[in-house]
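Comments concern the structure below.
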Amino acid sequence: MTATRVPGLPVVEDGVLISTHPATGKEAGRVPVADAAAVEAATARAREAARWWQSLGFDGRKERLMRWRSLLARRVEEVAELTGLEAGKPHADAVVEAAGAVEHLDWMARHAKRVLGPRRTATRLLLMEHTGHLEYQPYGVVGVIGPWNYPILTPMGSIAGALSAGNAVVFKPSEYTPIVGQWLADTFAEVVPEQPVLQVVHGLGDVGAALCRSGVNKIAFTGSTATAKKVLAACADNLVPTVIEAGGKDAIIVDDDADVDAAAEAAVWGAMTNAGQTCIGIERAYAVAPVYDAFVAAVVEKAGKLRTGDQIGPITMPRQLDIIREHIDDALAKGGRAVLGGAEAVQPPYVAPTVLVDVPADARGIREETFGPTLTITKVADAEEALQQANGTSYGLGGAVFGKRNAIRIARRLRSGMVAVNGTLTFSGMGNLPFGGVGDSGFGRIHGEDGLREFARPKAITVRRGPSLLPAMTFERTPGQVATIIRALKILYGRR
Ligand code: NDP
């Protein structure tokens, strides 16, 4: 007998995780659940595989990772469809997500050698008889813990960086999207059948916790801030370093010289794509008084045309529906007004686009991550006030600015790791830019050069190339030589 299932809610039966569509409840697939011993065994296998993977060198890894990239590009419809079956993601959103994953894999594979490979450093005068050498060596085994909202793109940011740097990976996908996670590992194994360089372990949160304690050399976590704290605690025991990509409450600032229609188009997409279940989703807008009315009208007009189902998919995680409803109710109770949608917009498993105005700064929908297709719009006197309010949350992930004269100056002052000027979310699709947040949004970076270095340890080597002219680092130095060192110091560095 099988108990009645809540659509989309993963269940474990007889050691098997069953994944279902959040709207229809149709089964997307099933995978075996790992226990702590199985996770440890996977990490041990990964350690062996890492040795082989490292032995291939940057060029050997690049060749294989590029083949995986090509496979993902050729089979983009397949993984997009799977993401639809499992997370309810509309096809177009899933295709755009997969395109981002391909971009990051491509960039990481192409640039790992240049960014991480051995190089000579410039000679320093005080130690000119030594050459400096720098290289970045892989950690060994990296554990990747991923969320469900972008099950292809977010883990890929870490997986591509870790693999390109020469690590093996043990990946724990969210229990809501195990089938997509398995697909990633299976397709990698098609191009790299020799060793288990990318493995996947399935289960609920305890499997993620077991991964943290399994002997991995680094954890790359993407998920909520609350879970990030548990991950850090689990990693503390063995001093396992972490990169943390957590939640956000991103804002768009619309300045007085902005193209209002373009700002509205970008705000609606940034807020509503993937039904608002986006870490860098736009959840708040601050529009300066001269453009406020026009901006609100344009947002309502554009968001009002969106339809749940094909454009706004279901909310993947059933309990998130309660949070979205609570945030809307709280905003309305505190004096906010719904100019689109509102309390009745939450029709499980869907939420219709909702735009709220006059929401006070202490409302939950202004301070906490809502993760639904909702947007608050607040009127501000000028960009200075917009910045002050936008920076007023504990999060600091991404953000956006629309304007001309001062847009970049405003962008620099947003408390966040990334900002899009005259666009939204665009930084996530550029393989050469780092991605990550400040404050409750986490630390460390994925993507780009910083994202490669995140998965390798810098190794400094000096090599003597001749006798010391100023022998400082030996007990055999003479008083005369020390006097020469003092003179050299003053000549080289003592001038004002
Ligand atoms: P969660 O924090 O609930 O889960 C993230 C992952 O951690 C899941 O695989 C989860 O497993 C696992 N996990 C749960 N408990 C533990 C534990 N004690 N130890 C180790 N791992 C554990 O996040 P969601 O999946 O709900 O993802 C949504 C959140 O992710 C949002 O806050 C969003 O903003 C953020 N996010 C951040 C991004 C970024 O790059 N900064 C990108 C995308 C999302 P299980 O699912 O089995 O519980």
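Take the residues in segment 97-133 that are touching a Gly at 6+ places or on another chain (Cβ under 6 Å) and either of a type in the set (S, T, N, Q) or more than 25 Å from Ala80 (Cα to Cα) (or both), then tell me which one is surrounded by the most Cβ atoms within 10 Å (Cβ to Cβ). So, considering only residues that are touching a Gly at 6+ places or on another chain (Cβ under 6 Å) and either of a type in the set (S, T, N, Q) or more than 25 Å from Ala80 (Cα to Cα) (or both), the one surrounded by the most Cβ atoms within 10 Å (Cβ to Cβ) is Glu129. Taken together, Ala101, Ala162 contain a single residue that is part of a helix (DSSP H, G or I), under 28 Å from Leu232 (Cα atoms), in contact with a strand residue (DSSP E or B) (Cβ under 6 Å, 6 or more places away or on another chain) and hydrophobic (A, V, I, L, M, F, W, C), which is Ala162. Pairing residues of segment 42-58 that are crowded, with 17+ Cβ neighbours inside 10 Å with residues that are of a type in the set (D, E, K, R), at Cβ distances under 7 Å and at least 6 apart in sequence or on separate chains, gives Trp53/Arg61; Phe58/Lys113. Scanning segment 181-206 for residues that are closer than 20 Å to Glu81 by Cβ and among the β-branched types (Val, Ile, Thr) returns Thr187, Val200.
For segment 189-213, how many residues meet the condition of being part of a strand (DSSP E or B) and either without any contact (Cβ under 8 Å) to a residue 24 or more places away in the chain or away from the ligand (no atom under 14 Å from the Cβ) (or both)? Before you say what the answer is, go through the steps one by one.
Here is the first cut: in segment 189-213, the ones part of a strand (DSSP E or B) are 198-200.
Next, from what is left, pick out any that are either without any contact (Cβ under 8 Å) to a residue 24 or more places away in the chain or away from the ligand (no atom under 14 Å from the Cβ) (or both): 198-199.
Result for segment 189-213: 2.
For segment 28-73, which residues satisfy the criterion of being charged (D, E, K, R), closer than 20 Å to Pro151 by Cβ and under 24 Å from the mean Cα position of the chain (by Cα)? Answer for segment 28-73, where residues must be charged (D, E, K, R), closer than 20 Å to Pro151 by Cβ and under 24 Å from the mean Cα position of the chain (by Cα): just Arg69. The requirement of being surrounded by 14 or more Cβ atoms within 10 Å (Cβ to Cβ), touching a strand residue (DSSP E or B) at 6+ places or on another chain (Cβ under 7 Å) and at positive phi is not satisfied by Gly25.
Contact map, segment 219-239: residues that are more than 9 Å from the ligand (Cβ to nearest atom) paired with residues that are among the hydrophobic types (A, V, I, L, M, F, W, C) and part of a helix (DSSP H, G or I), Cβ distance under 6 Å, separation 6+ or inter-chain. Pairs shown: Cys235/Cys212.
Determine which member of the set Pro479, Pro471 is touching a Lys or Arg at 6+ places or on another chain (Cβ under 8 Å), more than 24 Å from Gly143 (Cβ to Cβ) and free of Cβ contacts under 8 Å to residues at least 40 places away in the same chain. Quick ask: steps written out before the conclusion?
On the way: Pro479 fails: touching a Lys or Arg at 6+ places or on another chain (Cβ under 8 Å).
Going through Pro479, Pro471 in turn, the sole match is Pro471.
All of the numbers you see were taken from the coordinates with simple rules; none came from a lab. Note that the coordinates shown come from a computational prediction; the quantities given were computed from them, not determined experimentally. All Cβ positions, glycine included, derive from the backbone under ideal geometry; neighbour counts span all protein chains shown.
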